[in-house]
Each structure stands twice: as structure tokens, then as C-alpha cells.
Amino acid sequence: MNASIIVILITVIYTTIIVLLIIGCYRLPRFRNKSTHPLSRFSIVVPFRNEAANIEHLLLSIERINYPRQLFELILVDDESSDNSEAIIQNVLKKSTIDFKVIQNKPISRSPKKEAIQAAIQKSKYEWILTTDADCQVPIDWLHDLDGFIQKTEVKMIAAPVTFNSPRSVFEGFQLMDFLSLQAATMGGFGIKNPFLCNGANLAYTKELYHELHGFSGNLNIASGDDIFLLEKALKQDRTKVGYLKSRAAVVVTSPESKLSKLIQQRLRWASKTTAYKNAFGKLLAIIVALMNAMILIGFVLVLLNRLSFSVFISIFSLKVVIDFWLILKSAQLFDQKKSLIYYPISSICYPIFAVFIAIYSMFSKYNWKGRSFSK
């Protein structure tokens, strides 16, 4: 096949998919909570491992939650921490009116986080399991919005929004732009009735559904993916029971990685689970995004070698920049982070290099997560 035809084909497919996701973002309605009488009961599950630097912020945000105390509990699962995380928990919550417990996880599989969540579910009292991470902060009306959405829709699984703190550097801005694109893709997938992404930092599902799906069985050989693999199972069973809570009042906030080495390890971990995805649309998107980014790099080299017209390269790159910005804008608007879009120009230049590097490196490298080493 002629090289120019391949370039055009990849560009057309990429553009079409991103435009579809943008349309999905527009179609997905923003949730307006009209419920005034809370009914849903939640077991908030937080696995943690050596989170002494972060967990106090999470606990203080949970303390501020505006929801009847008798309708939720907090289960923290210590995944073999070697720091004083548990002491911090006990100190912060010693006078709290929140019903909480700390349990221990002794992993025996390659997926300690999934085992930690399983252990918490076994100890949970309430019908809704709500997961977040120890390095997050939750909003004050988090449970109120989830409850209102449950009462309105009668879903059994809810994917909800996650974002980073406002960036303080170009490095953090780069991560935010990438994360906003993932969040917009998540919303877009739900908007076109073909969900394929969610985030375990803000994910709720009924205990009944979890048991019907046999939990994480079949995926315990993969370290991460407690969110997406469970989503895939739920969609296969009944996609009408899975919803997305598009609400600013439900946005969970986390922090970007502090160092490039940590960011690389994070993305290697994310890349390690993509080959196990079963969603055809999600797989197609991953392949096309990888090809598009690779094509940008190859095109730049060909321009330098006078093998490709500069005007053709600029046209393709500009098209990618424009439609990517349009997609990212949708999540930036929901999260009230439009001011952070000043980081988009430099991010749009750096991202193809970073994405291709991770794609290639992930084929040959193990990754580290919370002080443990995992192979793909």
C-alpha cells in the first residue's frame, strides 16, 4: 500500500474516532441532583501502601463529606505498608464520628490491589462499594451526588470523574493535559453508548453486581485494572446498568507524579493491561492513537530528510492538535480547569514523543508499583 494512502487512512480514522468522542461528550448530560432525602448506603474502600505523605489529606476530605454518618462506612486496607500510614489514620480519625476500620491485606497473587479490595468487600456492611485511592481528595457532596444519581437511574455501577490538582509546573501541566484527554474519552465513550474507560479512584458498584460478576476472577494475573476489567464484565452482563456521573460536585482530585521516573513507571503499568482489554472500540482507539503519534514522529524525521512535504506534515499535525484540544476542552470545562490549557501547546509537541517511548519501552520492561516489581 502506498505510504501516502496509509498516512491519510490513519489520519481519517483517528479524526473520526476523536470527533465521535467529542460528540459523545456533548450528548452525555450533566447531572443535576434534585434528591433531598439520602437513601443509598456506601462502604468506601481505600487500599493503601506506604501513603504516609498523602493519606491525611484524604481522611480530612472524607471527614468533610456532607452525608448522614449512619449511611456510610470507611474501610482502609493496609497492603503491607512499611511506613506509619496506619498510625496517621488512627491519629486523624481517633475522635471521628465516621464508622471506620483498618484491615490487613496479605497478597498471594500478582494483583495485591484487587486482593485488598476483595478483602474490604468481604468486611463491608453496605450495598454500595465505593473505591478511591489514598492519594486522592473527595468533594463534600460526593455521596449526595452518587445517591441522587442512583435514585434517578437505578444503575448498578457508576463511573465518576477524576482530575489532577491545578498544575504548578510544565511537567505537571503535561500530565494534566494527558489526564484530561483520558477523562474526556471516558465521558465520550459513555455519550456514544460505548463505554470503555473508568477510574478506580472514583468508581461505585453494588456488592450484588460484584458477586454476580465473580469479582476480579480471571484478572488476578494482571497487577492493575481493578476498574476497567470489572467495567468490561458489567457491560457484558447488562450495559444499561452502567452509568457515568457527569457532575462537577462529584469530581475526585488526585496529584500528578512528582518525577519523570515515577510517571514512566505509572504509564508502563497502564500500558501493561491494555493488551488484556476485551472492548473492541477501546482496543481500536489504543492502536489508532499509537499509530497517529508514531506517524507524527516519523513524519517529522521524513521532513528533515526531505522525504515528506513540510506543508503536508504541518497539515496533519495541526489537525491533530485542533481536535485533541477540542476533546480536552470538554473535560477542562467540567472540572473548571480551562486556565490550565495554557500548558496544551507544549504538551501537544511533547506527547507524541512520550507516547511512542512508552509504547516501545513497555514491550521490554518490567515496572515498579508501590515498591514492588511486576512483569507485563
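The values are calculated or read from the model by the stated rules, or taken from the named source; none is laboratory data. Being a predicted model, the structure only gives us computed values, none of them experimental. Glycine gets a Cβ as well: all are built from the backbone with ideal geometry, and neighbour counts include every protein chain shown.
Look at Ala290 and say whether it is closer than 19 Å to Leu180 by Cα, modelled with pLDDT under 90, part of a helix (DSSP H, G or I) and not aromatic (Phe, Trp, Tyr).
When the stated conditions are applied, Ala290 does not pass them.
Condition first: within 27 Å of Lys366 (Cα to Cα) and either small (Gly, Ala, Ser) or part of a helix (DSSP H, G or I) (or both). Now tell me which residues in region 86-118 satisfy that.
Hits for region 86-118 are Ser109, Ser111, Pro112, Lys113, Lys114, Glu115, Ala116, Ile117, Gln118.
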Q | Extreme residue, surrounded by the most Cβ atoms within 10 Å (Cβ to Cβ), among residues of region 102-135 that are without any contact (Cβ under 8 Å) to a residue 40 or more places away in the chain and farther than 22 Å from Leu71 by Cβ | A | Pro107
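Of the residues Leu39, Leu9, Leu58, Leu74, which single one is among the hydrophobic types (A, V, I, L, M, F, W, C), in contact with a helix residue (DSSP H, G or I) (Cβ under 8 Å, 6 or more places away or on another chain) and not in a loop (DSSP other than H, G, I, E, B)?
Leu74
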Q. Looking at (1) farther than 22 Å from Asp178 by Cα; (2) in contact with an Asp or Glu (Cβ under 7 Å, 6 or more places away or on another chain); (3) crowded, with 19+ Cβ neighbours inside 10 Å, which is the only condition Leu245 fails?
A. (1)
Q: Search region 293-347 for residues being polar (S, T, N, Q) and in a helix (DSSP H, G or I), and hand back the single one that is nearest to the chain's Cα centre (by Cα).
A: Ser331
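Given Thr163, Thr206, Thr186, Thr132, which one is modelled with pLDDT of 95 or more, on the phi < 0 side of the Ramachandran plot, of a type in the set (Ser, Thr, Tyr) and touching a Pro at 6+ places or on another chain (Cβ under 8 Å)?
On inspection, the qualifying residue turns out to be Thr186.
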(Q) I'd like to check something: does region 31-46 contain any residue that is crowded, with 18+ Cβ neighbours inside 10 Å, closer than 30 Å to Leu308 by Cα and not β-branched (Val, Ile, Thr)? (A) no
